[in-house]
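Below: the structure, in structure tokens.
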Amino acid sequence: MKAEYRTVYEGGEGEVVEKKSRFIAAVAPVRSEEEALKFIESVRKRYWDARHHCYAYVIGERGELQRCSDDGEPGGTAGKPILEVITGEEIRNVVLVVTRYFGGTLLGTGGLVRAYSSAAKEGLASSVIITKIPGVKLRIGTDYTGLGKIQYILGQKGLETLDAAYTEKVELEALIPEKILEEVKTEITESTNGQAVMQEGESCFFARIGGKFVIVD
């Protein structure tokens, strides 16, 4: 069974200023290290005149691959703090680049760590973060007598129907989290005295976005 995890749905940008140094954070969702490196390079080109482009990325649904870079800043003052912000939020499949424009005043190691951490947090705050839930599309066939009972079960669990067809009988397609699939099927079977017919469809990930469940890649 796949595990649910937090990730970036839409990347964003955030900025902090510390003693006239600008720290600009850019965030993007990625699926591979290659995509992460391409995004980092695109940020370098966009801010070509900046002194540092420090970054971190976490790849894999369980965060199997983690990398970070100080890009010329003192060791451990930039890449690691950025990575710690990402892992602290338990976000996966994400790259975060913090570009620094030097303001003429040295910040010291503690100041750099705080600035890069703050910028990373601002970047994530400006992004759309979602929890991807592994689910299954469940087709449910029922007569009109069983419809209300099924709708009640789905409603009690906060589940939504993707599609519905009303003819002599009713066919619903509902999005069910994997971890409660068997529980839902059992409750539907019991409430309809075994009259409802259920067929499991494709597996997918979904997330609640804007108050609604949306299937996501």
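The values are calculated or read from the model by the stated rules, or taken from the named source; none is laboratory data. Every value quoted in this text rests on a predicted model; they were computed, and no experiment measured them. Cβ coordinates were reconstructed from backbone atoms using ideal geometry, including for glycine residues, and neighbour counts include every protein chain displayed. Side chains are part of the model used for accessible areas, which takes the heavy atoms of the whole protein and leaves out ligands, DNA and RNA. Shrake-Rupley method; radii C 1.70, N 1.55, O 1.52, S 1.80 Å.
Please enumerate the residues belonging to the range 189-210 that are open to solvent by 30 Å² or more (accessible area, probe 1.4 Å) and aliphatic (A, V, I, L, M).
Scanning the range 189-210 gives VAL197, MET198, ILE209.
Looking at the range 126-158 only, could you name the residues that are of a type in the set (A, V, I, L, M) and within 20 Å of the chain's Cα centre (by Cα)?
Once the filter is applied, which keeps residues that are of a type in the set (A, V, I, L, M) and within 20 Å of the chain's Cα centre (by Cα), the range 126-158 yields VAL128, ILE129, ILE130, ILE133, VAL136.
In the range 38-70, what residues are of a type outside the set (S, T, N, Q) and in a helix (DSSP H, G or I)?
The answer is LYS38, PHE39, ILE40, GLU41, VAL43, ARG44, LYS45, ARG46.
Show the residue pairs that are 6+ apart or on different chains and have beta-carbon atoms under 6 Å apart, the first residue being within the range 148-162 and open to solvent by 70 Å² or more (accessible area, probe 1.4 Å), the second being in a helix (DSSP H, G or I).
LYS149/SER191
Given (1) in contact with a Ser or Thr (Cβ under 9 Å, 6 or more places away or on another chain); (2) on the phi < 0 side of the Ramachandran plot; (3) small (Gly, Ala, Ser), where does GLY88 come up short, assuming only one miss?
Result: GLY88 fails condition (1) only.
Can you tell me which residue in the range 184-217 is nearest to THR142 (Cα to Cα), limited to those that are touching a residue at least 40 places away in the same chain (Cβ under 8 Å) and of a type in the set (S, T, N, Q)?
GLN195
In the range 104-130, what count of residues is obtained for those that are open to solvent by 20 Å² or more (accessible area, probe 1.4 Å), among the hydroxyl-bearing types (Ser, Thr, Tyr) and modelled with pLDDT of 95 or more?
So the answer is 3.
What residue, among those in the range 131-147 that are within 18 Å of PHE205 (Cα to Cα) and among the β-branched types (Val, Ile, Thr), is surrounded by the fewest Cβ atoms within 10 Å (Cβ to Cβ)?
THR131
Looking for whichever is under 25 Å from LEU112 (Cβ atoms) and hydroxyl-bearing (Ser, Thr, Tyr) here; the options are TYR9, TYR57, TYR5. Which one fits?
TYR57
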